[in-house]
Structures are given as C-alpha cells and as structure tokens.
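Here's the structure we're looking at; comments come further down.
The values are calculated or read from the model by the stated rules, or taken from the named source; none is laboratory data. Here the structure is a predicted model, which is why all the values come from computation and not from measurement. As a convention, Cβ positions derive from the backbone with ideal geometry for all residues, glycine included, and neighbour counts pool all protein chains shown.
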C-alpha cells in the first residue's frame, strides 16, 4: 500500500518521512529494549518523522519491551495474530496509533482486508490472550535447549529472543535446506534476507526440536 501511495524505501536514516523497525527483529531475533525505542521515538519525532514498529513477534518474546501503552502522534505499532497464535492462514493484523494517524493510514489501506472468518477467530483469540504467557515460558525453555545443542554442533547463532533462531551454517543455505527436507524438516532459507549461509529454525515442541537436531547432525558436512 505504501508503494502504491508513492513511497519509496531507503536505508538512509536522514530525509525519510517514516522509519520502520522490527521488534524483535526478523530474522535475527534481536530484541530492542523499551528504553532505546523511547529514545528513538523522541529523536525521530523531533525531526518530524513517524516511527512504525512491527511487533509481530513481541508476544512470543518479551512484551515488557513493547511501546503499546505509549500514545504519541508520531508512533504506530503493528501486531499480528498470525504469529502469536500460529494461524498463518488467518492473516489478521492490527495496529495502534492516535486517531489522527489512524485516519491517515486508512487513506492508503487496501479495502476488504479482513474476512468474517478471520474476524471471528480474532475475537476468540483475544479472549484467550493470557494463554500466551504459558507459550512464552515453553518457548524460552525449548529455546535454551536448542541453543545448547547448536553450540555442541559447533554452530554459531544470533542471540534469540522469540520463537525462532538464526543459524550460521558452513555451507550454502539452499543445499542444507534440501537435505533437511529429505529428512522431513522444513527450515527457512535466509538467502532472501541476503544471508546465503544462514537458516532460520522455529522453536517447536521438544520432540520436534530433537528431530531437528538429529537431522542437522545427519545433514551437516
């Protein structure tokens, strides 16, 4: 929608009207601290720049670092039930912002973006929102276990904070992805992120995580 409205993307921090940041970042898993984000908001707002924060994975990471409780004319937060409740087919995203900013977003938002089934699921999901605390605890426990096993395999990884881990591998990502697929394991090929020797793996149940480690042991050179 932004591109259709005439926007263009740039890596330069100066001269932009909007700055986007993903917290936690995808695919690295880096979690930005709330205090740092507040400083960033103050700095961008002082330049007349809007700050859009994508918090699609924050509910599976550390919600204490969120700015969801901050009402600021230059701040917009993006969230998604797709990640938190593991329903990629639903495609239900939502956002937080002051009314004036929401009105501006609405002018470029595509019409009919949410169907009735997704709306019904979203209402039920929000009724069970507190269950995400248990999910975070299970993810953190399994994430620690996975990281220990990756170290034992001699693999480096980015310090994770959510339900995925970015791993550096000693071969081309596409080759390892194909090998793992033959073992019934599907991981994210990170070449699309500009990382030809990295894969991103999900933190799943303990049994599934054990299968992943066994497959990596069999497929790595």
*Filter segment 156-185 for residues that are over 16 Å from the mean Cα position of the chain (by Cα) and in a loop (DSSP other than H, G, I, E, B); which is surrounded by the most Cβ atoms within 10 Å (Cβ to Cβ)?*
169
_Being at pLDDT 95 or above and either more than 21 Å from residue 84 (Cα to Cα) or part of a helix (DSSP H, G or I) (or both): is that true of residue 212 here?_
yes
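Please tell me if residue 87 is surrounded by fewer than 20 Cβ atoms within 10 Å (Cβ to Cβ) and either at pLDDT 95 or above or within 24 Å of residue 39 (Cα to Cα) (or both).
Taking the combined requirement at face value, the residue does not satisfy it.
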*Would you check if there is a residue in segment 188-195 being in contact with a helix residue (DSSP H, G or I) (Cβ under 9 Å, 6 or more places away or on another chain), at pLDDT 95 or above and either in a strand (DSSP E or B) or in the same structural domain as residue 58 (by TED's automatic domain parsing) (or both)?*
yes
*State whether one or more residues within segment 64-76 are assigned to a helix (DSSP H, G or I) and more than 23 Å from residue 35 (Cβ to Cβ).*
no
*asked:* Where the second residue is part of a loop (DSSP other than H, G, I, E, B) and the first is free of Cβ contacts under 8 Å to residues at least 40 places away in the same chain and lies in segment 147-159, which pairs have Cβ atoms under 6 Å and are six or more apart or on separate chains?
replied: none
*Would you mind stating whether residue 110 is under 23 Å from residue 56 (Cβ atoms), over 21 Å from the mean Cα position of the chain (by Cα) and either assigned to a loop (DSSP other than H, G, I, E, B) or at pLDDT below 95 (or both)?*
yes
*asked:* For the structure I just gave you, tell me whether residue 89 is farther than 21 Å from residue 53 by Cβ, part of a loop (DSSP other than H, G, I, E, B) and assigned by TED's automatic domain parsing to the domain that holds residue 193.
replied: no
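Every residue, every condition in (1) surrounded by 11 or more Cβ atoms within 10 Å (Cβ to Cβ); (2) in contact (Cβ under 8 Å) with a residue 60 or more places away in the chain; (3) more than 18 Å from residue 163 (Cβ to Cβ), yes or no:
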position: 47; (1), (2), (3): yes, no, yes
position: 51; (1), (2), (3): yes, no, yes
position: 75; (1), (2), (3): yes, no, yes
position: 93; (1), (2), (3): yes, no, no
position: 96; (1), (2), (3): yes, no, yes
position: 108; (1), (2), (3): yes, yes, yes
position: 114; (1), (2), (3): yes, no, yes
position: 125; (1), (2), (3): yes, no, no
_Here is a check on your reading of the model: is residue 67 closer than 21 Å to residue 30 by Cβ and either at pLDDT 95 or above or outside the structural domain of residue 33 (by TED's automatic domain parsing) (or both)?_
yes
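Counting only residues that are outside any loop (DSSP other than H, G, I, E, B) and surrounded by fewer than 17 Cβ atoms within 10 Å (Cβ to Cβ), how many does segment 196-209 have?
Just the residues of segment 196-209 that are outside any loop (DSSP other than H, G, I, E, B), to begin with: 198-202, 206-209.
Within this subset, residues satisfying the condition of being surrounded by fewer than 17 Cβ atoms within 10 Å (Cβ to Cβ) are 206-208.
Summing the residues that are outside any loop (DSSP other than H, G, I, E, B) and surrounded by fewer than 17 Cβ atoms within 10 Å (Cβ to Cβ) in segment 196-209 gives 3.
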